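Here is the structure we will look at, set down as structure tokens.
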Amino acid sequence: SITRANIFNKDNSAMAPAAEDENMMQEEQTNESSSFYSNAMSAGKILVASALLLNAASSTGVNPFAFASASDAGDVITDHRRLSTADGSVPTYIEPLIKDLEERTKLMEDTPPEEVKYWFEYTGPLQKYFYRYSNTRGKADYFEGRDDSGVVSSRFVEEAGGGAAFKDFFQNAGDIPSDEIPAHTRMLDNCLAMGSSSRPNLKKGTSWYDWFGGSATDESAAMDRCRVLIALNMVGAGKGTTMLWETRPPTPNSAEPKPWVSEQATAATHLERNLKEIDAMCATGQIAARVQVLVCEPIPGVWTDWMDSMLPNCGGKPAPIPSAGAEDPYESGADVEDRPSPVQIVVVAGASTADSCHDMKSGFMEKRMQDLILAPPYLSGDGEKKNLKGDVDPTIKTTHPDLVSSDDHDLYIAMKWTSLVTVRSVSAFLQASADLAAAAASPKNQGTAALEKNADGVTVAVNDSPSSPFLIPSFIRVSYVSEENNKVAKWRMHGDFFHPAAWEVCKDSFDMAWIPDSLSGTGGVNGVCYGSDPSATTRKLFGEKEECGQWWVYMAEEQMPTTPEIHANEVTHPVVQGGSNYIWMLTERQRKEVVKLDTCEHNAGKDNEKLHACGEFPQAVIPLGDLESFMINFTPNTALGKKHNAGRRPGYSREQEHELDREKVRDRKQLKGQEDIEKALFDYTVYPAALFHKDATLKAARTRDAVLTKSADEQQLGPQTVKSGYYDVTITKPRQPIPSWCQAIARKGLCALYSEYFRQGTDERCLEACGMKKDWSHV
């Protein structure tokens with residue numbers, strides 16, 4: 001079922017671009033100088049916040065983390081080692097997990113068997129969801145429950161930073177032992193390996209140094225970071241029926257506690273949370289984020305000032321603390337144009353296109369967002385396509401130099417204001433991208449794609465050949481049940497507010513693929529499965545019979561949002577097939593490959609032979625062991641309980657089968673409330689995150705079971721040779737603590753965050769939960 005192909009890693013290089021490209025960049029950058037544009041809020045013009053990355057000076061990609069010298073870090077990075085020593089000690093960041101396992105084990109041991117009616121497992125502390133404020137009683141109503149999905153949400157994760165584990169790992173780590181430094185710098189190493197080869201000028205006197213350098217007396221150069229551009233689509237943002245920019249931004253540094261605000265009341269709360277998450281990225285010391293806010297018409301300066309003040313760790317100016325009786329610090333505006341800012345407001349429409357821009361069905365803003373990030377060479381100044389003459393390097397950006405997006409970046413994030421981006425999603429994307437690049441560079445995979453694909457119908461080897469699939473990690477939005485959702489959706493969600501569900505995909509939207517050697521270690525793109533070090537992972541972790549790699553969710557259908565977004569998708573297709581238009585990422589290496597493909601298709605015109613030679617669309621995949629990190633919270637939480645347009649719902653590739661199933665249910669007429677149940681089952685798509693993970697796991701396990709079962713017993717139900725150790729259990733018995741512990745680790749994204757331990761260590765207990773065991777558990 002996996003037939004889409006394209007070129008990935010054409011130059012068969014795991015790290016650097018071609019030497020001639022690098023020399024060309026050096027020559028161009030020699031004459032560039034730092035410049036910051038100060039035309040802040042001229043009517044109808046672009047607010048250019050900073051050309052921070054314009055003065056990039058070429059340098060080697062050393063490991064530049066603040067608490068490690070380049071030489072020391074380099075020595076550690078290239079060393080594959082086991083993280084569990086002979087005395088059983090583990091890395092400091094694993095110690096809380098060991099304690100959690102002890103608590104789970106004690107819970108099982110202390111519970112009398114007669115009290116165990118069904119399987120159960122520890123899922124964390126009780127949480128409260130406040131959903132309505134009562135003026136008469138002066139307090140809010142709430143439900144009490146547990147969100148054990150592992151998804152980071154604005155509803156149940158109060159502090160920014162991607163969740164407690166990620167915040168502790170990146171921001172609150174304290175004194176880190178020297179042998180654990182590569183684990184903490186993995187995100188930065190992956191970004192530098194997959195990002196741009198040209199690096200910013202880090203010396204004193206540059207704006208980079210002013211933002212990210214040391215103390216006033218420190219003369220050494222600032223540390224390099226992962227340069228992230230975030231393009232923020234603000235179409236549809238408002239407060240009720242009022243456009244957001246016609247209201248006041250939240251008051252900064254307020255002395256009083258903030259009043260409770262419904263998730264549906266205003267877009268300001270969602271924008272504020274996203275800005276806090278972006279600032280938390282910069283607080284890690286590994287990311288330099290720039291935010292390009294895309295709007296249809298000029299906005300008041302007070303909003304620009306407020307957004308800038310929300311990003312102090314990214315170079316913004318913190319809002320002043322008001323004194324008693326003082327006026328609002330943003331009443332008269334701040335002089336943001338007098339200094340570099342991490343925020344740039346871009347007005348993407350003119351007088352003739354403003355209506356289309358505001359129309360969420362038009363796909364106008366989605367197209368503008370793609371053009372700004374990809375910057376293909378065939379675009380004219382007005383965004384229209386033009387013919388190319390002569391040999392043009394399509395990867396060189398030709399957009400206006402005043403745009404921050406025209407500068408060199410390592411990672412690009414395009415998102416709508418309703419999507420929640422976190423350091424967890426960035427870290428997960430970079431790791432997954434490095435994993436795929438490691439697989440493409442594997443010596444064992446070269447020239448084997450066709451053979452592997454035909455071997456068992458599920459194994460896909462990626463390499464540097466034109467027939468190799470071009471795979472890009474992608475995201476899926478999830479929403480919680482809202483107090484404003486209709487009864488059917490709540491009912492389908494088992495009546496609780498504590499578990500997120502997707503509505504743009506279903507069980508039929510994806511297949512499963514095993515990609516050999518798709519594991520990258522420390523130090524950037526560094527294949528774990530084929531390392532030359534004799535102590536590399538392959539010798540012990542996967543044994544003689546186990547294949548090294550991991551399972552991936554392979555999106556076989558396009559994502560199907562509800563109106564109006566479904567109409568926008570039909571006008572402007574997502575960059576990645578099976579991906580989302582409302583949250584997507586690309587590294588600089590991936591951007592170049594996508595632009596080459598788009599340019600080839602543009603030059604081919606209607607010539608089918610030339611079009612075929614260009615290759616297929618990039619394909620969306622998600623690592624099974626880190627699935628929840630790629631589930632992005634739709635923060636207004638109003639998506640569930642809405643009907644899809646006819647013929648445009650998830651599972652459209654099996655629409656006839658769905659209709660037959662509906663006819664069977666209708667013919668039985670055995671259900672109480674038959675019509676309502678029919679609607680819940682067939683008219684609404686509510687796909688809980690936990691069910692997604694279960695379906696993906698069982699699809700992979702059943703596929704391998706069918707291959708490994710030599711003579712199937714037709715009378716026997718269920719798996720016969722291999723099974724899922726977590727899901728294929730009798731539900732009238734409690735699950736054992738270790739499988740549940742491993743599953744919780746996977747849901748929280750710790751398989752990838754602590755990948756040095758789970759991939760390169762000696763602890764094999766969580767291989768299956770982390771998606772790294774091809775043949776699962778034997779029956």
- Task: Six or more apart or on different chains, Cβ under 6 Å: which pairs go from a residue in the stretch 87-108 that's more than 19 Å from Thr762 (Cβ to Cβ) to one that's of a type outside the set (Asp, Glu) and at pLDDT 85 or above? Could you list them?
- Result: Arg104/Pro737; Arg104/Trp741; Thr105/Pro737; Met108/Pro737
- Message: Could you tell me how many of the residues in the stretch 374-410 are at pLDDT 85 or above, within 14 Å of Val348 (Cα to Cα) and surrounded by fewer than 17 Cβ atoms within 10 Å (Cβ to Cβ)?
- Response: 1
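For Ser134, state whether it is among the hydroxyl-bearing types (Ser, Thr, Tyr), touching a helix residue (DSSP H, G or I) at 6+ places or on another chain (Cβ under 7 Å) and modelled with pLDDT under 95.
Considered against the rule, which asks whether it is among the hydroxyl-bearing types (Ser, Thr, Tyr), touching a helix residue (DSSP H, G or I) at 6+ places or on another chain (Cβ under 7 Å) and modelled with pLDDT under 95, Ser134 comes out as no.
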- Query: Among the residues of the stretch 702-757 satisfying the criterion of being open to solvent by less than 40 Å² (accessible area, probe 1.4 Å) and aliphatic (A, V, I, L, M), which is farthest from Gly625 (Cα to Cα)?
  - Reply: Val722
- Task: Working only within the stretch 610-635, note down all residues that are assigned to a loop (DSSP other than H, G, I, E, B) and either open to solvent by 10 Å² or more (accessible area, probe 1.4 Å) or without any contact (Cβ under 8 Å) to a residue 40 or more places away in the chain (or both).
- Result: Gly615, Glu616, Phe617
- Task: Could you list all residues from the stretch 222-257 that are in a loop (DSSP other than H, G, I, E, B) and closer than 30 Å to Lys203 by Cβ?
- Result: Ala222, Met223, Asp224, Arg225
- Note on the structure: Across the stretch 136-154, the tally of residues that are more than 20 Å from Gln743 (Cα to Cα), part of a loop (DSSP other than H, G, I, E, B) and either open to solvent by less than 30 Å² (accessible area, probe 1.4 Å) or touching a Leu at 6+ places or on another chain (Cβ under 8 Å) (or both) stands at 1
- Taking Asp695 as the residue in question, decide whether it is under 29 Å from the mean Cα position of the chain (by Cα), more than 16 Å from Gly150 (Cα to Cα) and not aromatic (Phe, Trp, Tyr). yes
- Message: Any residue in the stretch 343-359 that is polar (S, T, N, Q) sitting within a Cβ distance under 7 Å of a residue that is assigned to a loop (DSSP other than H, G, I, E, B)? List the pairs, counting only those 6 or more apart or interchain.
- Response: Gln344/Val48; Gln344/Ala49; Ser356/Ser362
- Query: Within the stretch 169-201, how many residues turn out to be open to solvent by 40 Å² or more (accessible area, probe 1.4 Å) and closer than 25 Å to Lys317 by Cα?
  - Reply: 3
- Query: Taking the stretch 264-308, which residues are more than 18 Å from Leu403 (Cα to Cα) and not in a helix (DSSP H, G or I)?
  - Reply: Gln264, Ala265, Thr266, Ala267, Thr284, Gly285, Gln286, Ile287, Pro300
- Task: With the condition kept exactly as written, say whether any residue in the stretch 117-126 is β-branched (Val, Ile, Thr) and modelled with pLDDT of 85 or more.
- Result: no
- Message: Residue under question is Ser197, and the condition is that it be under 30 Å from Glu593 (Cβ atoms) and of a type in the set (S, T, N, Q); does it hold?
- Response: yes
- Message: Taking the conditions exactly as written (open to solvent by less than 40 Å² (accessible area, probe 1.4 Å) and closer than 30 Å to Arg273 by Cβ), does Thr697 satisfy them or not?
- Response: no
- Of all strands (runs of 3 or more DSSP E) fully inside the stretch 457-548, the set with 3 or more residues that are in contact with a helix residue (DSSP H, G or I) (Cβ under 9 Å, 6 or more places away or on another chain) and modelled with pLDDT of 75 or more is 471-473, 510-516
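The values are calculated or read from the model by the stated rules, or taken from the named source; none is laboratory data. Keep in mind that this is a model prediction, so the values were computed, not measured. As a convention, Cβ positions derive from the backbone with ideal geometry for all residues, glycine included, and neighbour counts pool all protein chains shown. Heavy atoms of the whole protein, side chains included, go into the accessibility calculation; ligands, DNA and RNA do not. Shrake-Rupley method; radii C 1.70, N 1.55, O 1.52, S 1.80 Å.
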